[in-house]
Amino acid sequence: MRNQYNWQTQRRREAFLALQDGTIFRGYSVGAPADILGEVVFNTGMTGYQEILSDPSYTGQLVALTCPEIGNYGMAAEDMESACLRANGLILHEMNEPSNWRAADTLAGALRAGGMPALAGVDTR
């Protein structure tokens, strides 16, 4: 299967994160096409992105995930912490297609359906 996030797709969907001090991080959009505001926080977990994004404690925040490859087990309703995604946005290095039999949706699909923007292509280490 051809990776939907190839360089041509990345170029067409340019996006950025602008911090209050004027620092700008450039990447590409892999979520909903939206402009948002929020507090940037990070999470160092190697798994649990679905639980993090649906956890009400992340409401109003843009979550930067330090694990470089995100999305490989997809999204499953059983793993939601609440009825919908709660964070304001997601920042990650690289999004993968799921390869888990439990996946009902891809992370990108769930982000678009939930109206959550995501910025990929950023060095989050």
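Assuming Tyr28 fulfils every condition listed in (1) at pLDDT 95 or above; (2) assigned to a strand (DSSP E or B); (3) open to solvent by less than 70 Å² (accessible area, probe 1.4 Å) apart from one, which condition is it?
With respect to (1) at pLDDT 95 or above; (2) assigned to a strand (DSSP E or B); (3) open to solvent by less than 70 Å² (accessible area, probe 1.4 Å), Tyr28 is out only on (1).
I'd like to verify a number: residues in the range 43-75 that are surrounded by 13 or more Cβ atoms within 10 Å (Cβ to Cβ) and part of a strand (DSSP E or B), how many?
Within the range 43-75, residues that are surrounded by 13 or more Cβ atoms within 10 Å (Cβ to Cβ) and part of a strand (DSSP E or B) number 8.
The values are calculated or read from the model by the stated rules, or taken from the named source; none is laboratory data. Just so it is clear, the structure is predicted and the values come from calculations on it, not from any experiment. Positions of Cβ are generated from backbone atoms using ideal geometry, with glycine treated the same way; all protein chains shown enter the neighbour counts. Ligands, DNA and RNA are excluded from the accessible area calculation, which covers all protein heavy atoms including side chains. Shrake-Rupley method; radii C 1.70, N 1.55, O 1.52, S 1.80 Å.
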